[in-house]
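Asks: I have a structure I would like to understand better, so I am pasting it below and will then ask my questions one at a time.
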Amino acid sequence: MINILIIEDDVNIAKMIKATLSIVNYSGFCCYDGKSGAEEALKGSYDLILLDVMLPEMNGFEVMEQIRSCGTPVIFLTAMQDVADKVKGLRLGAEDYIVKPFEALELLARVDVVLRRSNKTQDTIDYGDISVDMGRHIITQKGEPVQLTPKEFDVIVYFLQHQDIAVSRERLLSSVWGYEFGGESRTVDIHVQQVRRKLGLRDKLITIPKLGYRLESQDTV
Amino acid sequence: MKLWQKIFLSSLFLIIAAVNIISITLLSNNHKLLIEREKEHAISEYEYFTLTLSNTVIYERMTSNKLMLSDTEIAAVMDRILKRGSENAMGSTVNAYTPAGRAAGTEAAVYNLANKQLISSSGMSGLYELDDFNSYISYLLGLDAGYQRENFLTHTFTCDDGRHLMAVSSVISFEGKDCLVIAAADVTDIYALRDRQTRFVRHVSIISAALISFLLLATTIILLRPLSRLNTYTKAIAEGNYKLRIRKKGSQEFRELAGNMNIMAESVQQNAARLEKVAEDRQIFIANLAHEMKTPLTSILGFADLLRIKKTVSDRERAEYAGTIVEETKRLRSLSGKLMELISIGCTETEKKPVSLPEMIRETETALSPILTKTSVSLNCMSEDITISADEELFKSLLYNIIENAVKASGNGQQIDLVAAMYGGNAVISVTDHGIGMSEEDAEKVFAPFYMVDKSRSRKAGGAGLGLALCVRIAELHNAKLSIDSKLGEGTTVYITINGEECL
C-alpha cells in the first residue's frame, strides 16, 4: 500500500486529491497547514508528499526545507505559473510540480513517475493469468512469455496500473509516448488493438465511445 | 565644443590680445617720445649747423672784403664746409672739435630756392637713392618760403642699407638769397631700440601666453570639475539609481544646482517608489486573484474528472463530488461578482447627493435583518442627524459590508453597536462588535484585497476576501477613511471617518 501525505489548505482540493489517489488504491492523509504538515511528514512514513505552495502558518518552500532531511519525494502543487516559483521548488529538491488546476489522471501520472523513480511501485502486477515483471520488462500469460513491442508493453502496464479508469487517447498518448510526441490518436488505437489481440483482452479492455478505453478489473464480473 | 574649452579659449584669446595691445601701445608711445626728443635734438643741431653756415659765409665776405658774395663764392664756401674741406679760407685746419668742424661732419644739402638748384651736398648719397626723398625735396622746393623760414620740417627716411635718417629742413638766407638747407640726423638707434623691444615683447608674450594658458586651463578645469561630477551623478540618477544624492561642493552656483538636483532626485525617487508600490500591489492582486480562481477550479476540475473516469461511483461519492463542485462554483460566482463590483466602482461615475445618515443606517439595518435574525445578533444603532453628500446605494453597501463582517465575527446573541456622530469636524461612524477579534498583524493587512484572517472559515461563509477592499474603494470615493481597531478575543471596531467637507 502506497501512503501519500497531502499538505493542502483548501479542504475540497485535499478531499479531491485523496479521492483521486484512492482510485489507484493509494491511501492519502491530509494536513491543512504547513506546520502540521511538516510535523506529519517527519513523523510518519510516507512514500510521497504532495505539497501546496501557498499555505497558512508556513509556506510550501519553508515546509520543503524542513522535511528535506527525511528523503521523501515531494511534488509541489502550485497555482502560480511563474517559472521562478517552479525553479525554486525544484532547487529545494522537489521531484516535480503540478500546476493547478489539473486533471485527475495527470496527477496520477506524475505521482506514478515519481514513485517509479524512487522504486516505490510494485515490481510485478498480476492480472488473471497475465503476469508482468516490471523490472525485467517481461510479460507472461499462463507462464508463457508474450512478445510485445516496448510501446505495447508500456500501454498494457498503464492500463494495469489504472484499472477501472476511463483513459482518454490523449492521456495515454502523453503518458506512454511522452508530452513531446506529436502522434495521432490512431497510433493509440493500433497499439491497443495489438495488446487486445496478443493478450486476449477483447472483453476486458473495452472501448468507451467518445472517451477512450478502460481495463475492467478482474474481480468485477 | 565643450564648455571648458570655450571658456579657456575665449579667455586666453582675450588676455593675449589685451596684453599685446597694451605692450604695443606702450612701445609705440615710447618710440614716439624718443623720436620727438631726437627731433628736438636734431633741430638744435640743425640750428647750430645753419648758424655756422651763415657765419662762415659772413666771415668769408668780410675776409674777401666784398660787399656781397656771388653765387659761386657761396657755393664754394658751402662745399668747403660740407665736403669736409680740411682747410678754411685762411689755410688753417678745421678742427673736428670746433663748431665749424662739427658742422662739417653733418650730412646736409643746400639748395638755391630761387632757381631750385643744388648748391652743395655731402653724405646724402643714401638718401638720394630713395625715390620718396627726391619727391620730398621737390615738395619742399615747391613750398612757400615764408612758411619754411618760420618752421623746421622733419621727415624720417629708411635707407636701403637699413639706416634711419631724419631729414630736418628750413629756409635760410645767405647773402640775401633764400636757400633750402636739409640736414640728416641718424636715428637708426631709436628704430633699432624699437625693434629690439618689439622682439622682446613678442618673446615675453609667447612665454606668458604659454604660462597663462596653462594656469587658465588648470583653473577652468578645477572650477568646472563640479559640473562633470554633477553630470556623472545625473547620469547615474537617470539610469535609475534614485537613491543617489549629490554632495554639495564647489562654487555657490554648483551647490545650488546640486541642491536642486537632489530635490529633483528625491521627488523622482518618491514617484518611482509610488509607481513601484502600485505595480507591486497590482502584481499581488493578480497573483491572489489567480490563486483565488484556481483553488475552486482545481476542486471542480478534479471532482468532475473523477466522476467522468471512474467506472463505478457510489451514490455517496456522487453526492459528495457533485456537492463540492456546486459549492466551489458558487465560490467562483461570488468571486466574479465581487470582482465586477470592485471594477465597476472605479469605472462608473458616482452620483452624489445629500442623504441623511440615520436614514441610510435604518435602511441598511432592514436589509441586514434576515442575517441578524438567523445569527440572533442584535444591532444597536445611534446616530446624530447628519446629512452627507454620498452615492446612496454605494454608501449603504459600505455600511452593509462592514456590519456584515461584524456579524460574521460575532457569536450568537452578541450585540453590535453602531454610533454615528460629528467628531472634530468630521462625521465618524463606528461599528463595534464583541466577537473573535483579530491580531494586530491581521488588522494591518485586513484591507488588502483577498486577505482573509481565517481562510477556511471565511470560505465556508462564501467570502472571497474582497469585501473590505470594496469598502476601501467606496470610502475613497466619499472622501472617507477606514480604520480598524481590534483585539484578539475581545472584538473589533471599524471607523468610517468622513471628511467634514462632505457633511452638509
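The values are calculated or read from the model by the stated rules, or taken from the named source; none is laboratory data. Quick caveat, the model's predicted, so the values are computed rather than measured. Every residue, glycine as well, gets a Cβ built from its backbone with ideal geometry; the counts of neighbours run over all protein chains shown.
Asks: Scan the stretch B:222-274 residue by residue and report those that are among the hydroxyl-bearing types (Ser, Thr, Tyr) and part of a helix (DSSP H, G or I). Can you show your working first?
Replies: Applying the first criterion (among the hydroxyl-bearing types (Ser, Thr, Tyr)) to the stretch B:222-274 yields B:228, B:232-234, B:242, B:251, B:267.
B:SER228, B:THR232, B:TYR233, B:THR234, B:SER267, listed by residue number.
Asks: It is to be established whether one or more residues within the stretch B:347-356 are among the aliphatic types (A, V, I, L, M), farther than 29 Å from B:ASN412 by Cβ and either away from chain A (no Cβ under 12 Å) or in a helix (DSSP H, G or I) (or both). Show your work before the answer.
Replies: If we filter the stretch B:347-356 for residues that are among the aliphatic types (A, V, I, L, M), which is where we start, we get B:355.
From the residues that got through so far, the ones that are farther than 29 Å from B:ASN412 by Cβ too are B:355.
If we keep only those that are either away from chain A (no Cβ under 12 Å) or in a helix (DSSP H, G or I) (or both) as well, we get B:355.
Yes.
Asks: Now, a different point. Got a sec? Which of A:GLY93, A:GLY28 is at positive phi and either touching a residue at least 24 places away in the same chain (Cβ under 8 Å) or within 14 Å of another protein chain (Cβ to nearest Cβ) (or both)?
Replies: From the options A:GLY93, A:GLY28, the qualifying one is A:GLY93.
Asks: Another question, if that's okay. For A:LEU172, indicate whether it is closer than 22 Å to A:ILE190 by Cα and either in contact with a helix residue (DSSP H, G or I) (Cβ under 8 Å, 6 or more places away or on another chain) or touching a residue at least 60 places away in the same chain (Cβ under 8 Å) (or both). Before you say what the answer is, go through the steps one by one.
Replies: Numbers: closer than 22 Å to A:ILE190 by Cα: yes; either in contact with a helix residue (DSSP H, G or I) (Cβ under 8 Å, 6 or more places away or on another chain) or touching a residue at least 60 places away in the same chain (Cβ under 8 Å) (or both): yes.
In short, yes.
Asks: Continuing with the same structure: Within the stretch A:159-173, how many residues are of a type in the set (Ser, Thr, Tyr) and either away from every other protein chain (no Cβ under 14 Å) or within 13 Å of A:ASP126 (Cα to Cα) (or both)? It would help to see each step written out before you state the result.
Replies: As a first pass, look at the stretch A:159-173 and keep what is of a type in the set (Ser, Thr, Tyr): A:168.
Subset that is either away from every other protein chain (no Cβ under 14 Å) or within 13 Å of A:ASP126 (Cα to Cα) (or both): none.
Of the residues in that region, 0 qualify.
Asks: Within the group A:GLU57, A:GLU65, which residue is assigned to a helix (DSSP H, G or I), within 25 Å of B:ALA287 (Cα to Cα) and out of contact with any strand residue (DSSP E or B) (no Cβ under 9 Å at 6 or more places or on another chain)? Spell out the reasoning first.
Replies: Details: A:GLU57 fails: assigned to a helix (DSSP H, G or I).
The match here is A:GLU65.
Asks: A:ASN12 passes all but one of (1) within 11 Å of another protein chain (Cβ to nearest Cβ); (2) of a type in the set (S, T, N, Q); (3) in contact with a strand residue (DSSP E or B) (Cβ under 9 Å, 6 or more places away or on another chain); which number fails?
Replies: (3)
Asks: Please determine whether any residue of the stretch B:217-238 is under 29 Å from B:ALA273 (Cα atoms) and basic (Lys, Arg).
Replies: Yes, the stretch B:217-238 has at least one match.
Asks: Take the residues of the stretch B:285-312 that are touching a Pro at 6+ places or on another chain (Cβ under 7 Å) and more than 8 Å from chain A (Cβ to nearest Cβ): which is modelled with the highest pLDDT?
Replies: Per the stated criteria, the residue is B:PHE285.
Asks: Let me ask something additional. Look at A:LEU105 and say whether it is touching a helix residue (DSSP H, G or I) at 6+ places or on another chain (Cβ under 8 Å), within 14 Å of chain B (Cβ to nearest Cβ), under 28 Å from A:LEU205 (Cβ atoms) and surrounded by 15 or more Cβ atoms within 10 Å (Cβ to Cβ).
Replies: Values: touching a helix residue (DSSP H, G or I) at 6+ places or on another chain (Cβ under 8 Å): yes; within 14 Å of chain B (Cβ to nearest Cβ): yes; under 28 Å from A:LEU205 (Cβ atoms): yes; surrounded by 15 or more Cβ atoms within 10 Å (Cβ to Cβ): yes.
Criteria met by A:LEU105.
Asks: Let me ask another. Filter the stretch A:1-17 down to the residues that are surrounded by fewer than 20 Cβ atoms within 10 Å (Cβ to Cβ) and assigned to a helix (DSSP H, G or I) and list them by number.
Replies: Within the stretch A:1-17, the first condition is being surrounded by fewer than 20 Cβ atoms within 10 Å (Cβ to Cβ), and the residues that meet it are A:1-3, A:11.
A:VAL11, the sole residue that qualifies.
Asks: I'm trying to understand the selection: among the residues of the stretch B:169-207, which are part of a helix (DSSP H, G or I), surrounded by 15 or more Cβ atoms within 10 Å (Cβ to Cβ) and aromatic (Phe, Trp, Tyr)?
Replies: Passing the criteria: only B:TYR191.
One line per residue, one yes/no per condition, for (1) buried (at least 20 other Cβ atoms within 10 Å of the Cβ); (2) under 19 Å from A:ILE2 (Cα atoms); (3) without any contact (Cβ under 8 Å) to a residue 24 or more places away in the chain:
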position	(1), (2), (3)
A:ARG117	no, yes, no
A:HIS137	no, no, yes
A:LEU160	no, yes, no
A:ILE165	yes, yes, no
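Asks: Checking A:GLY37 against (1) within 13 Å of another protein chain (Cβ to nearest Cβ); (2) assigned to a helix (DSSP H, G or I), only one condition comes out false. Which one?
Replies: Only one criterion in (1) within 13 Å of another protein chain (Cβ to nearest Cβ); (2) assigned to a helix (DSSP H, G or I) is unmet by A:GLY37, namely (1).
Asks: Also, quick follow-up: Residues A:VAL155, A:VAL146, A:VAL53, A:VAL87: which one is over 13 Å from the mean Cα position of the chain (by Cα), free of Cβ contacts under 8 Å to residues at least 60 places away in the same chain, crowded, with 20+ Cβ neighbours inside 10 Å and away from chain B (no Cβ under 14 Å)?
Replies: Numbers: A:VAL146 fails: crowded, with 20+ Cβ neighbours inside 10 Å; A:VAL53 fails: away from chain B (no Cβ under 14 Å); A:VAL87 fails: crowded, with 20+ Cβ neighbours inside 10 Å.
After applying the criteria, what remains is A:VAL155.
Asks: Among the residues of the stretch A:20-34, which ones are of a type outside the set (Val, Ile, Thr) and either in contact with a Phe, Trp or Tyr (Cβ under 7 Å, 6 or more places away or on another chain) or outside any helix (DSSP H, G or I) (or both)? Can you show your working first?
Replies: Going residue by residue through the stretch A:20-34, those that are of a type outside the set (Val, Ile, Thr) are A:21-22, A:25-34.
Across the stretch A:20-34, the qualifying residues are A:ASN25, A:TYR26, A:SER27, A:GLY28, A:PHE29, A:CYS30, A:CYS31, A:TYR32, A:ASP33.
Asks: If you take the residues of the stretch A:70-84 that are more than 14 Å from chain B (Cβ to nearest Cβ) and not hydrophobic (A, V, I, L, M, F, W, C), which of them is surrounded by the fewest Cβ atoms within 10 Å (Cβ to Cβ)?
Replies: The extreme case among them is A:GLY71.
Asks: Follow-up. Kindly indicate whether A:LEU48 is under 24 Å from A:GLY178 (Cα atoms), modelled with pLDDT under 85 and in contact with a strand residue (DSSP E or B) (Cβ under 8 Å, 6 or more places away or on another chain).
Replies: Details: under 24 Å from A:GLY178 (Cα atoms): yes; modelled with pLDDT under 85: no; in contact with a strand residue (DSSP E or B) (Cβ under 8 Å, 6 or more places away or on another chain): yes.
So A:LEU48 fails the test.
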